[in-house]
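The values are calculated or read from the model by the stated rules, or taken from the named source; none is laboratory data. Worth saying up front: this structure is predicted, and the values here are computed from it rather than measured. Positions of Cβ are backbone-derived with ideal geometry, glycine not excepted, and every protein chain shown enters the neighbour counts.
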Amino acid sequence: MSLPVGAAAAPPDYVRIFDTTLRDGEQSPGASLTSDEKLEVARALSRLGVDVIEAGFPAASPDDLLAVQRIATLVGKEPIEGRPSPEAPIVCALARATTGDIDAAWRGVSGARRPRIHTFLATSPIHREHKLSMSREQVKARVSEMVRHARSLCEDVEFSPEDAGRTEPEFLYEVLDAAIAAGATTLNIPDTVGYTTPDEFGALIAGIFAHVPGVERTIVSVHCHDDLGLAVANSLAGVRAGARQVEVAVNGIGERAGNAALEEVVMALATRRRFFGLRNGVDTTQLVRVSRLVSTRTGLFVQPNKAIVGANAFAHESGIHQDGMLKNNETYEIMRPETVGAARTELVLGKHSGRHAFSVRLREMGYELSPAELDQAFARFKALADRKKAIFDADLEVIVNVEHDDKAASWVLDALQVACGTIGLSTATVRLRGPDGAQHSHACIGTGPVDAVFRAIDAITQAPAELLEYTVQAVTEGIDALGEVGVRIRGPARGGAVNPQLGPRTRTFQGHGADTDIIVASANAYLSAVNRLVSSLDAEARTVANGDGTRSARDEGAGV
């Protein structure tokens, strides 16, 4: 059955939510996801009710292509139970304006019930001159040729003029006119470097509606970056000017300072419904859960004061605020916590709690565990309850997500002992269980206990890791709170030549760990990052061994 695309696909008061967490969001340094993790996040996004899932960049790597194909066939084929929309989401793949990229994108999404190819080409003077070395006429000709090629494969084609925010408006109109004539059904207008202000960006969208013939037959979309902290404001200005698709990422992750945050755009439209007069299909009660899923899978923490999904978004400490809240919630809350899936009150569990209460609370929080996974999580819960007086929802999330990390680990912490203080040198003895199941031990001296532990792990794993960032935060309140540690390391990327200006190719990797003992949490966080590094090097070594010496799209970078 041929499904309607372009402006015919949605009523005029409906704003499509296009999620790019798995493509632009995954391009955040250190946030790479495995194909299994991508599939898990895609299913959560579908249940959330997003209209379009940009599943990846198939030309970037074989694993990216595999991940997009799995999402297209498993998530984009049939509706998921509990999804607000009766239809499966559109599954989209990104492609540069080249035949090879577009063909790879089609191989990725062709198994979906509602596939889309998204192709882009830079249009701003600085990109035309310094990146593309192309004239205006050459850019227009390439856009026409590649959009036409994409349309020959797929009925739903999105085109983005990269760096539209810094493109001459008259030339932008010409490029969009060429894209429409070649068959584009969605025109996405990116503020690629987060340069514009809301007034400027709204005027840019209004100008497109006023000067591009045939634009009414398409969906106009916006994709704003947050370099000046204006991504959400610019996106909403674009919507006010007539755009009916917004490209967003969960927690606002993405290149550099990130993208417009999905949860902020959605709740702005919902909370100020009278002002915007628009609606969307997102189930807002799932926002907090999806935010935490993405945070734990990418290793990118959500700051406590983050709007909508931050730990303090519905917390009140000031006496004046507390007094107002006791009299009327609306004095200091413009939305109720339950509307975004935040717990109004936290159910406290302890060492006397049973397996049934534990499993019920996990289900209420949205976690569906197998019997074996529940056994392992409950054992971890009981061990923690022996050390803590009260277990909160945040503790339970850490328990479940640490269990996920343990299953994927190649090196696992088996034992740890440290000696430190003002007298003598800090020393650490670490015993790890390796990929082969054997135990490996090593002792090291460091400038402190954490440094000594990390040096011992390096000695055992032989991973070429350089520590870039180390952060610690308490998951819950109290002296017995779980401590959560995040680390970011840098390691080499195989198969790349040394760039005389930038030096050898490297990649960054995130890791996190949690425990009431902060040294143990630190060791687990560092091991989590090291495992990602080791896995990456092993995967690249296999690619080289298979004779695939091609240069990937990820090497050149991509993003609109």
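Confirm whether residue 174 is assigned by TED's automatic domain parsing to the domain that holds residue 259, assigned to a helix (DSSP H, G or I), of a type outside the set (Ser, Thr, Tyr) and touching a residue at least 60 places away in the same chain (Cβ under 8 Å). So residue 174 fails the test.
Of the residues making up region 217-255, those that are among the polar types (S, T, N, Q) and either outside the structural domain of residue 281 (by TED's automatic domain parsing) or in contact with a Phe, Trp or Tyr (Cβ under 7 Å, 6 or more places away or on another chain) (or both) are 221, 234, 245.
Assess whether residue 555 counts as being outside the structural domain of residue 419 (by TED's automatic domain parsing) and either modelled with pLDDT of 90 or more or closer than 24 Å to residue 254 by Cα (or both). Taking the combined requirement at face value, the residue satisfies it.
Yes or no, residue by residue, for (1) buried (at least 20 other Cβ atoms within 10 Å of the Cβ); (2) within 24 Å of residue 17 (Cα to Cα); (3) of a type in the set (S, T, N, Q); (4) more than 32 Å from the chain's Cα centre (by Cα):
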site: 128; (1), (2), (3), (4): yes, no, no, no
site: 164; (1), (2), (3), (4): yes, yes, no, no
site: 168; (1), (2), (3), (4): no, no, no, no
site: 184; (1), (2), (3), (4): yes, yes, no, no
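Scanning region 281-302 for residues that are more than 15 Å from the chain's Cα centre (by Cα) and surrounded by fewer than 23 Cβ atoms within 10 Å (Cβ to Cβ) yields 281, 283, 284, 285, 286.
Condition check for residue 143 on (1) surrounded by fewer than 20 Cβ atoms within 10 Å (Cβ to Cβ); (2) part of a helix (DSSP H, G or I): one failure, at (1). Whether any residue in region 264-277 is assigned by TED's automatic domain parsing to the domain that holds residue 23 and not in a helix (DSSP H, G or I) is what I want to check. Scanning region 264-277 turns up at least one residue that is assigned by TED's automatic domain parsing to the domain that holds residue 23 and not in a helix (DSSP H, G or I). With the structure loaded, tell me whether residue 105 is of a type in the set (Gly, Ala, Ser) and outside the structural domain of residue 144 (by TED's automatic domain parsing) or whether it fails that test. Criteria not met by residue 105. For the criterion of being within 18 Å of residue 39 (Cβ to Cβ), out of contact with any strand residue (DSSP E or B) (no Cβ under 8 Å at 6 or more places or on another chain) and among the charged types (D, E, K, R), residue 103 fails. The residues listed here are 94, 33, 22, 45; of these, the one that is modelled with pLDDT of 95 or more, in contact with a helix residue (DSSP H, G or I) (Cβ under 9 Å, 6 or more places away or on another chain) and farther than 27 Å from residue 183 by Cα is 45. Looking across 233, 237, 210, one residue alone is in a helix (DSSP H, G or I) and closer than 17 Å to residue 176 by Cα. It is 210.
The set of residues in region 37-64 that are in a strand (DSSP E or B) and either more than 23 Å from residue 188 (Cα to Cα) or in contact (Cβ under 8 Å) with a residue 60 or more places away in the chain (or both) comprises 52, 54. When region 47-73 is filtered for residues that are under 23 Å from residue 365 (Cβ atoms), out of contact with any strand residue (DSSP E or B) (no Cβ under 7 Å at 6 or more places or on another chain) and buried (at least 22 other Cβ atoms within 10 Å of the Cβ), only 48 remains. Out of the residues in region 100-126 meeting the condition of being of a type in the set (Val, Ile, Thr) and assigned to a helix (DSSP H, G or I), tell me which one is surrounded by the most Cβ atoms within 10 Å (Cβ to Cβ). By that ranking, first place goes to 109. If you go through region 429-459 and pick out every residue that is outside any helix (DSSP H, G or I), touching a residue at least 24 places away in the same chain (Cβ under 8 Å) and over 12 Å from residue 415 (Cα atoms), you end up with 3.
Yes or no: region 88-99 includes at least one residue that is farther than 26 Å from residue 236 by Cβ and in a helix (DSSP H, G or I). Yes, the conditions are met somewhere in region 88-99.
Looking at region 197-216, can you tell me whether even one residue there is in the same structural domain as residue 32 (by TED's automatic domain parsing) and within 21 Å of the chain's Cα centre (by Cα)? No, because not a single residue in region 197-216 is in the same structural domain as residue 32 (by TED's automatic domain parsing) and within 21 Å of the chain's Cα centre (by Cα).
For region 386-403, the condition of being at pLDDT 75 or above, more than 21 Å from residue 37 (Cα to Cα) and among the β-branched types (Val, Ile, Thr) holds for none of the residues. In the set 89, 84, only one residue is in the same structural domain as residue 164 (by TED's automatic domain parsing), at negative phi, touching a residue at least 24 places away in the same chain (Cβ under 8 Å) and surrounded by fewer than 20 Cβ atoms within 10 Å (Cβ to Cβ); that residue is 84. Whenever a residue of region 160-171 is in a helix (DSSP H, G or I), its partners that are of a type in the set (D, E, K, R), lying with C-beta atoms within less than 9 angstrom and at least six residues away or across chains, give the pairs 164/191; 165/191; 165/200; 166/191; 171/136; 171/140.
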